[in-house]
Amino acid sequence: MIEKRTPIPVPEAQRRVMAYSRKGDIERVPITEADGRVLAEAIYADHDIPPFDRSPLDGFAVQSKDTAGATSETPVYLEVTETVGAGEVAQPVTKPGQAVRVMTGTMMPEGCDAICMFELTKEVTRNGAAMIEITRPFKEGDFVSFKGEETKKGDPLVEAGADITPGVKALLATFGYPEVPVYRRPVVGIFATGTELLEVDEPMEPGKIRNSNAYMVASQLKKAGAEPRYFGKLADDFDACYDAVTKAVGEVDALITTGGVSVGDFDYLPAIYDKLGANVLFNKIAMRPGSVTTVAELDGMPLFGLSGNPSACFVGFELYARPWLRTWQGASRPYLVQTKAVLGQDFPKANPFTRLIRSDARFNGEGRLTTRPAGFDKSSAVTSLAHTNTLTLLPGGTRGYRAGDEVDVLLLNEPGSEPVKLPEKTRP
Ligand code: AMP
Ligand code: MG
C-alpha cells in the first residue's frame, strides 16, 4: 500500500530543517586560504590607524609658524633640507625656515606640523639653495593625517559571522592575522542511487543514463563552502544501500542521497530511514520540482534525500541543504537572496504547488530584472540547469501568471554585468 504523504509549504520545510542547524567547530586557516569563509571571532584593531602622524599627499612638511602672514605679495621662502619617501624617517627639523620634501604616507618629520602640497608651492633657487615659495599661511595640523584618526587600538572592526570578503582580508592583513579563525567546512557525503546510473567515463548503454546528480551536488556543495565526499553510486538494492548509508553516516557531518525517495518499487530511502531509526522531518513539500524531497535527522545529523530528477535535486539542495550548510559555517544570512523580477513569459496554467522555475534572469535596460525559464522546464530536465541563475518562485494557487507580472526570484549567481553608467548631466 502506498503511504499517504502530506505536503507542507516550502517555508515550513525550511523551518523544520533549520531547527537542526548549528555552527561547526572553529579552526584557524592561513589568511591566504580564508576566502569565502566566515569569521568566527571579531576583528579588533591591534594598533592605531594611521599608526603615526603622516602626510596624505606628496608635498612639503613645514613648521606652520614659519608660514604666518604668507601671501602672494609677501611670500615666505623655506629651505628644503631633505627628501623622504614613505617608509623612511626624516631627520628632526630643528631650525626655523626649514621644510622637508615628503611623499604620500611619509611619517611627519619631527618638528613639522603641517603639510603643504606640491600644487601650492613653487620650487625656486635663492642664493644657490633649493627653496620653496609659500604664498599662504598654514595652521598647525593642516593637511596632516593624524595617528588614530581612522581607528584606535582596541576598536572592534568586524563582527564574528561576517563573510571574509576582499575588504575583510585587507583588515586581517592590516592587523596582523596570518591565521584566521573560521568555522570548519562541513564534510558532506554524497550517494547517487539508481541501477540505471553510469559514471561519467562509461559509454552509454540501453536503459541507462549518466549520473549527473553526484557531480552537480558536489559542485553545489563546493559553492556553498562545504567539502563533498562522493561515496559512489548505489544500485537499487535495499541491503547494499542500507549498509553503505550506515557506514557513511559515521564519517560525515551531513549526508545527501539522490534518488530513491519516491513511491516506486525500488525507492528504498524511506525504508532505510525507518531502519536507521532516523526522524523524518518531512517527505512531501508543496513545491515543483522536488515534491518528494525528504529530509530526516539522525542524532542531529541531517540526511537530505533529494529527488533523482536533476532539476528537483538541484532545487532541493538550494532550498534545504544550502542554508543548513551555510549556518554550520557561521553565516548569519544563510538563505538565497529573494528579490523581485518581472516575469518574461506567460505561465497560464494554475498549479496547486509552488513552482520554482529554473530561470535565466537578466537586467533589462531600466535596471529591473526580467526572468525567463532557462530551458526545458520539467523536473527531469538537466539541460536548463546550465543556464539557470535564479529560481523564479510562483506560489501555488488557482490562477496562472502573465508576462509582465512582478514575481519573486531567488538569486543563485550574480546576474549579468554592464559597464558603469552615470546618469546624464552628471559632472565627470
Ligand atoms: P528517482 O528519484 O530515483 O525515482 O529518480 C527519478 C529520475 O531521476 C529517474 O528518471 C532517474 O533515472 C533519474 N536519476 C536518478 N538519479 C540520477 C542521477 N544521479 N543523475 C541523473 N539522473 C538521475
Ligand atoms: Mg531511482
Practice problem: Count the DSSP beta bridges whose two residues both fall in the chain, then state the antiparallel fraction as a percent rounded to the nearest 5. | Solution: 70
Exercise. Provide 108, 216, 18, 204 in ascending order of the number of other Cβ atoms located within 10 Å of each residue's Cβ, fewest first.
Key: 204, 18, 216, 108
Quiz item: Too long at a 29 Å Cα-Cα cut-off: which of 152/222; 139/425; 23/284; 122/153; 122/421?
Solution: 152/222; 139/425; 122/153; 122/421
Quiz item: So, with +1 on the Cβ of K and R and -1 on the Cβ of D and E, and no other charges, what is the size of the charge dipole of region 337-411 about its Cα centre, to the nearest 20 debye?
Solution: 140
Practice problem: Tell me the trypsin sites (Lys or Arg not before Pro) within region 327-428 that lie in a loop according to DSSP and have at most 14 other beta-carbon atoms within 10 Å. | Solution: 349, 368, 378, 399, 402, 421, 425
Quiz item: In nm, to one decimal, how far is the residue 227 label point from the residue 187 one, both placed 7 Å along Cα→Cβ?
Solution: 0.6
Quiz item: Out of region 135-239, which trypsin sites (Lys or Arg not before Pro) are coil in DSSP terms and have no more than 15 other C-beta atoms within 10 Å?
Solution: 139, 152, 153, 208
Quiz prompt | Gain on full stretching of the segment that runs from residue 23 to residue 170 - 0.36 nm per residue minus C-alpha separation | solution = 50.4 nm
Quiz item: So how strong a dipole does the chain carry about its Cα centre when Lys and Arg Cβ are +1 and Asp and Glu Cβ are -1, to the nearest 20 debye?
Solution: 1420
Quiz item: Say the dipole of the chain comes from +1 at the beta carbon of Lys and Arg and -1 at that of Asp and Glu; which of 64, 182, 403 then lies farthest toward its positive end?
Solution: 403
Self-check item: Amide H contacts under 5 Å for residue 47, placed H, 5+ residues apart
Solution: 154
Practice problem: Per residue of region 361-369, in order, report the coupling 6.51 cos²θ - 1.76 cosθ + 1.60 (Karplus, θ = phi - 60°) as ³J(HN,Hα) in whole Hz, putting x for Gly and Pro. | Solution: 9, 9, 6, 7, x, 8, x, 9, 8
Quiz item: For region 169-263, what is the charge dipole size about the Cα centre, in debye to the nearest 20, if Lys and Arg each add +1 at the Cβ and Asp and Glu each add -1 at the Cβ?
Solution: 620
Quiz item: Which value in nm describes the separation of the simple spin-label points at residue 120 and residue 299, placed 7 Å from the Cα toward the beta carbon?
Solution: 7.1
Quiz prompt | Sequence-distant residues sharing a close amide H with residue 8 (under 5 Å, placed H) | solution = 284, 285, 286
Self-check item: Using θ = phi - 60° and Karplus 6.51 cos²θ - 1.76 cosθ + 1.60, couplings along region 114-124 (whole Hz; Gly, Pro as x)
Solution: 8, 10, 10, 6, 3, 4, 9, 10, 10, 8, 9
Practice problem: Name the residue farthest towards the positive end of the dipole of the chain from the options 211, 146, 130, assuming +1 on Cβ of Lys and Arg, -1 on Cβ of Asp and Glu, about the Cα centre. | Solution: 211
Quiz item: If you bin the C-alpha pair distances of region 9-142 every 5 Å from 0, what whole percents do you get?
Solution: 2, 9, 15, 15, 11, 6, 5, 4, 5, 5, 5, 4, 4, 3, 3, 1, 0, 0
Practice problem: Would you mind telling me which residue in 291, 262, 64 has the biggest mean-square fluctuation in a Gaussian network model of the chain, where springs connect alpha carbons within a distance under 10 angstrom? | Solution: 64
Practice problem: Please identify which residues in region 161-179 have an amide N closer than 17 Å to a label point set 7 Å out from the Cα of residue 152, following the Cα→Cβ vector. | Solution: none
Quiz item: Using θ = phi - 60° and the Karplus form 6.51 cos²θ - 1.76 cosθ + 1.60, what ³J(HN,Hα) does each residue of region 373-389 get, whole Hz, x for Gly and Pro?
Solution: x, 7, x, 3, 9, 6, 5, 7, 5, 10, 5, 5, 4, 5, 10, 8, 10
Quiz item: So what are the radius of gyration and Dmax for the Cα set of region 337-411, in Å?
Solution: 11.6, 35
Exercise. For residue 180, list long-range residues whose amide hydrogen, built 1.01 Å from N in the peptide plane, is under 5 Å from its own amide hydrogen.
Key: 29, 31
Self-check item: Length-normalised contact order of region 59-134 in % [C-alpha pairs under 8 Å, at least 6 apart]
Solution: 41
Quiz item: In the chain, with Lys and Arg counted as +1 and Asp and Glu as -1 at Cβ, which of these residues, 78, 93, 283, has the Cα nearest the positive end of the dipole, that is, farthest along it?
Solution: 283
Self-check item: Relative contact order of the chain, defined on C-alpha pairs under 8 angstrom at six or more residues apart (%)
Solution: 16
Quiz item: Tell me, Kirkwood radius of the chain from alpha-carbon pair distances, in Å?
Solution: 26.4
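Every read-out reported here was derived from the displayed coordinates using simple, explicitly stated rules and does not represent laboratory data. Note that the structure is predicted; figures quoted are calculated from it, not measured. Virtual Cβ from ideal backbone geometry, glycine too; neighbours counted across all protein chains shown.
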